[in-house]
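J.: Structure in C-alpha cells, see below.
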Amino acid sequence: MSKPLAEPRIQRSRGETALVSAGVASRDQVLVGTTFFTEITMKKLLLLLFTVVLLVALPLVGQHSREGGEQGKGGEHGVGNGHIPAHGPAPAARPAPAQNEHRKFDDQPNHPEAPHVHAENDRWVGHNTGRPDPHYHLDHPWEHGHFEGGIGPQHVWRLRGGRPDRFEAGGFFFSIAPYDVDYATDWIWDSDDIVIYNDPDHVGWYLAYNVRLGTYVHVLYLGA
C-alpha cells in the first residue's frame, strides 16, 4: 500500500509563523497574502525598470532625430554634412579671368557664398581660374616640402586648433591662402574634419575641403 504524498513544506518568515501560531490568520491566509505581496513587489520592480529604460532611451531618440534632421537639411541643399568628394577638381579647361574682388559662388539657392563641392556629382564650384590666377602665385613653391600625410578621400584629418595663417591637422601644419581667408570664417578650428586634395592648377598649393560645410580653400603646407 502506497504512502500518501507528504505535503510540501513552505518556508515562512518569523512574522508569518507568529500569525499562524497566535491564531490571527490561517496558514492559507498567510500564503495568499505572501503571494499577493510578492506579485505587487515584482510589478513595482518591473515598473521601475521600465522607467529607467525609458529615461535612458528618450535622449538618444531625440539626438538621433536632431541628427537626422540636420543631415536631411544638408542633403536637400546638396553641400557638406559629411559628404566627402571621391576626387579633387579637374584642371581648368578654359580658365576664367581672375578678378581683383571676391567672386560669387552661391550658384544655387542655399548654397554657400564660398568655393564648394556639389554632393550629387562632386563638382568643384569656383576652381576654374587656372594657372594664370595671380592670387595663388608663389615665388618659391613647395618651400616646406610636399605633404605626404595622406591625400584624398581615404584620409580625413581632424583640426587641432590654430588660425587661418597656421593651423594643425593630425600633426601637420598648413596656412590658408590670404585670398581665401574669408571663405573659412565659419570653420571650427578644434573639431572640424578636413580632407586634403591636390590642386591641379596652382603650383605649390593644396585644397583643404571642410567635411561639415562642404567648402574648400587653398592651403600651403608648412611642415610637421
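Read the figures in this text as sums done on the coordinates, not as results from a lab. In this text, all values refer to a predicted model and were calculated from it rather than measured experimentally. Reconstructed Cβ throughout: ideal geometry from the backbone, glycine too, with neighbour counts over all protein chains shown.
J.: Let me check against my output: what whole-number percent is the relative contact order of region 80-224, with C-alpha pairs under 8 Å and at least 6 apart?
T.: Result for region 80-224 is 29 percent.
J.: While we're looking at this one, here's another question. Quick one: which of 142-150, 203-211 comes out on top by average Cβ neighbours within 10 Å, and what's the full order, highest first? List each step's numbers first, then the result.
T.: On the way: 142-150: 12.9, 203-211: 21.1.
Per-residue Cβ counts within 10 Å, averaged per peptide and sorted highest first, yield 203-211, 142-150.
J.: At 7 Å along Cα-to-Cβ for each site, give me the label-to-label distance between A224 and A93 in nm.
T.: Here the answer is 3.9 nm between the modelled labels.
J.: Next up: With N set to the number of residues, divide the alpha-carbon radius of gyration of region 103-161 by 2.2 N^0.38 Å and report two decimals.
T.: 1.46
J.: Can you sort Y216, Y136 from fewest to most other Cβ atoms within 10 Å of each residue's own Cβ?
T.: If I rank by nearby Cβ atoms, fewest first, I get Y136, Y216.
J.: Express the Stokes-Einstein translational diffusion coefficient of region 132-224 in µm² s⁻¹, to the nearest whole number, given a Kirkwood radius over alpha-carbon pairs, 37 °C and a viscosity of 0.692 mPa s. Write down the numbers at each step before the final one.
T.: Numbers: Rh = 13.1 Å.
Using the Kirkwood radius from Cα pairs, D works out to 251 µm²/s.
J.: Right, something else. If we count every other residue with Cβ under 13 angstrom of V203's Cβ, Lys/Arg +1 and Asp/Glu -1, where does the sum land?
T.: Net charge around V203: -4.
J.: Still on this structure: If neighbour count is taken as other Cβ atoms inside 10 Å, put D180, D139, D193 in order from fewest to most.
T.: D139, D193, D180
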